[in-house]
Amino acid sequence: MKLENIILKKKNKVAIIELNRPKFLNALCDQLVMELNQALDSIEKDNSLSVLVLTGSEKAFAAGADISEMKDKEFIDLLKDDFIKPWERLSKFKKPVIAAVFGYALGGGCEIAMMCDIIYASENAKFGQPEIKLGTIPAAGGTQRLVKSVGKSMAMEMVLSGKVISANEAKEIGLVSAVFTTDILLTKTLELADDIANNSLPVLIMAKEAVNRSYEGSLEEGMRNERSLFKSTFSLLDRKEGMTAFLEKRKAKFKNK
Ligand code: CAA
């Protein structure tokens, strides 16, 4: 498939996907989501890539689902074809994903950012779930992930009023982990991505799965899964190398094995 709505780049062990539909503020049309999913499949299979950075343009990370594609749909159309279903691919992506958010991350854009493991934002970033203003509600996990990230009161405030918050507010409530000036956001994100990518890929995948199990399920189930993944790291040469390197006071040389 020719990529017309995203740009895919690779830098060392880091893949970078840029949402690229600037005329429509990266509104997430079906074609864009198909291209995104194709890129995710190829990055997941590529053993030379350990981390993904997902970003947009300077004005918008993504302004939500494509309203012009949704406008004339009827309930029966959604019953027959759940157009949001393919969006879930990102949340199942095994390798670490960092969102670098410039500009608007609204509706589905905010939901896509929340599917990423870490969100870094530029000072001009704006987050919100304005679906209520369109007479509907978030559909790609917004009501669920927001409450986990920022707590019930703020999630309710955002979902019920549709208010849009600034990058600094998003940092204050824990939606993003850092805010940078627009000129350095990408550099800072790539620094973090490189830092993460220098770790063992199989262990990164296990660590991500362990954290996600807590995020997505119960404490007891999450703890059980964490313990079993911890034990599994002892089948890796990288686990042995990491501990040996520490005791020999040198940097570990991971081989992703
Ligand atoms: N879908 C389709 N087109 C969109 C869009 C969207 N979500 N967001 C922006 N656009 C289009 C505009 O229609 C406009 O197109 P034209 O030039 O052809 O008129 C173009 O992008 C530029 O947008 P604006 O002129 O509106 O730009 P602005 O700077 O004045 O405002 C904005 C920016 C505040 C983000 C405004 O565009 C906006 O409010 N967008 C909609 C945000 C929204 O409601 N998102 C939720 C969508 S529903 C959803 O996502 C459901 C879900 O949970 C899955």
Could you give the accessible area per residue of the range 201-247, probe 1.4 Å, as a whole number in Å²?
-> 67
Relative to the longest principal axis of the C-alpha atoms of the chain, give the angle of the C-alpha long axis of helix 185-197, reported between 0 and 90° and rounded to the nearest 10°.
-> 40
Where the range 6-197 is the region considered: accessible area per residue in Å², 1.4 Å probe = 47
Cβ-Cβ cut-off under 12 Å around GLY128, Lys and Arg +1, Asp and Glu -1: the net charge is -1
Taking a ≥ b ≥ c as the square roots of the eigenvalues of the Cα gyration tensor of the range 6-197, is the shape rounded (a/c under 1.5), prolate (a/b larger than b/c) or oblate?
-> oblate
For the pair GLU216 and ASP183, the simple spin-label estimate (label points 7 Å beyond Cα toward Cβ) gives in nm 4.1
Helix-only CD estimate at 222 nm, as mean residue ellipticity for the chain, using -39500 (n - 2.57) per DSSP H run (n ≥ 4) = -13000 deg cm²/dmol
By a straight-distance test (C-alpha under 16 Å), which aspartates and glutamates pair with LYS240 as possible cross-link partners, with residues fewer than eight away in the same chain excluded?
-> GLU248
Here the gain from full extension of GLU172 to ASP72, 0.36 nm per residue of separation minus their alpha-carbon distance, amounts to 32.2 nm
How do the peptides 59-70, 211-222, 128-139 rank, highest first, by the average count of neighbouring beta carbon atoms within 10 Å per residue?
-> 59-70, 128-139, 211-222
Place the peptides 18-25, 104-111 in order of packing, highest mean first, counting for every residue the other Cβ atoms within 10 Å and averaging per peptide.
-> 104-111, 18-25
Among VAL179, ILE165, CYS110 - extreme Cα towards positive end, dipole of the chain, charges at beta-carbon = VAL179
dims of the range 96-156, Cα set, principal axes, largest to smallest, nearest Å -> 30, 21, 19
extent check for the range 201-247: Cα max minus min per principal axis, descending, whole Å, gives 35, 16, 16
Measure off, as a whole percent, the carbon and sulfur share of the 1.4 Å-probe accessible area of the range 201-247, all protein chains present.
-> 65
How do the peptides 10-17, 47-54, 248-255 rank, highest first, by the average count of neighbouring beta carbon atoms within 10 Å per residue?
-> 47-54, 10-17, 248-255
Take every Cα pair under 8 Å in the chain that's 6+ residues apart, average their separations, divide by the length, and report that relative contact order as a whole percent.
-> 15
Set the Förster radius R0 to 30 Å, insert the Cβ-Cβ distance between PHE230 and VAL147 as r into 1/(1 + (r/R0)^6), and round the FRET efficiency to 0.05.
-> 0.60
Charge context of THR181, other residues only, Cβ under 11 angstrom, K/R +1, D/E -1 = -1
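The values are calculated or read from the model by the stated rules, or taken from the named source; none is laboratory data. The structure displayed is predicted, hence computed values, not measured ones. Reconstructed Cβ throughout: ideal geometry from the backbone, glycine too, with neighbour counts over all protein chains shown. Just so you know, the surface numbers come from the protein's heavy atoms only, side chains and all, with ligands and any DNA or RNA stripped out. Shrake-Rupley method; radii C 1.70, N 1.55, O 1.52, S 1.80 Å.
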